[in-house]
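Structure first, commentary second.
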Amino acid sequence: MPAAVNLPITQELQDAVVAVLGTRTALRDVAIVGRRKTNIVADIEEAIATLGGICIVVLLPLPVEINPETPGPYIQKLEIRVRVIENQALNESKPAAAEVIEEILVALHQYNFPEKLEAFGLNLFTAAPRPIEEIPDPERTIYDVIFFTSCGYRPRA
């Protein structure tokens with residue numbers, strides 16, 4: 001989906017991450033969902049049940065540290081989480097969660113987004129010092145792959 005002129009940086013960035021992951025050959029058989037969809041739970045359940053037992057959910061990026069000394073404000077640390085959800089019993093022919101999280105790390109670490117995000121002064125993505133976090137779940141394997149960047153907000157028209 002092309003970014004609208006007045007879309008917030010978090011939404012533009014989420015869309016951009018979904019697009020980048022969608023170009024990766026190793027992820028071609030894995031459903032990729034953006035969290036802003038109307039019924040995210042239903043989308044995830046459908047992807048896992050009917051599309052092979054594994055999916056990627058790109059969560060909305062969240063500012064975790066703002067520089068109080070700069071106008072805009074300037075986000076010193078913007079966290080981007082990409083969640084991998086696998087039902088191992090249903091995942092017979094798709095890549096396993098471990099393969100998917102490695103591909104996400106390779107795809108996004110040090111990634112430089114195109115000019116449409118330059119207006120925000122968006123910096124390179126870097127993987128978090130501890131880039132993989134396991135999310136406890138009794139029925140599924142769930143991992144978050146975590147990245148950081150920094151950027152500024154632009155005035156809204």
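Before moving on, here are some points about what is shown:
- Applying a threshold of 7 Å to beta carbon distances and a minimum spacing of six or more residues, or different chains, the list of pairs starting in region 94-111 at a residue that is among the hydroxyl-bearing types (Ser, Thr, Tyr) and ending at one that is at pLDDT below 95 and part of a helix (DSSP H, G or I) reads Tyr111/Val20.
- For Ala107, the conditions (1) farther than 19 Å from Glu65 by Cα; (2) modelled with pLDDT under 90 all hold with the exception of (2).
- Among residues that are at pLDDT below 80 and surrounded by fewer than 20 Cβ atoms within 10 Å (Cβ to Cβ), Glu99 is not included.
- Of all residues in region 79-93, at least one satisfies being part of a strand (DSSP E or B), in contact with a Pro (Cβ under 7 Å, 6 or more places away or on another chain) and within 28 Å of Cys151 (Cα to Cα).
- Taken together, Val100, Val33 contain a single residue that is assigned to a strand (DSSP E or B), among the hydrophobic types (A, V, I, L, M, F, W, C), closer than 26 Å to Leu124 by Cα and in contact with a strand residue (DSSP E or B) (Cβ under 7 Å, 6 or more places away or on another chain), which is Val33.
- Scanning region 71-85 turns up at least one residue that is surrounded by 15 or more Cβ atoms within 10 Å (Cβ to Cβ), touching a helix residue (DSSP H, G or I) at 6+ places or on another chain (Cβ under 8 Å), farther than 17 Å from Gln11 by Cα and of a type outside the set (Lys, Arg).
- Residue within region 40-55 that is polar (S, T, N, Q) and at pLDDT 90 or above present: no
- Test: residue in region 59-73 that is within 19 Å of Leu27 (Cβ to Cβ) and either outside any strand (DSSP E or B) or at pLDDT below 90 (or both): yes
The values are calculated or read from the model by the stated rules, or taken from the named source; none is laboratory data. These numbers were taken from a predicted model, which means no experiment stands behind them. Cβ coordinates were reconstructed from backbone atoms using ideal geometry, including for glycine residues, and neighbour counts include every protein chain displayed.
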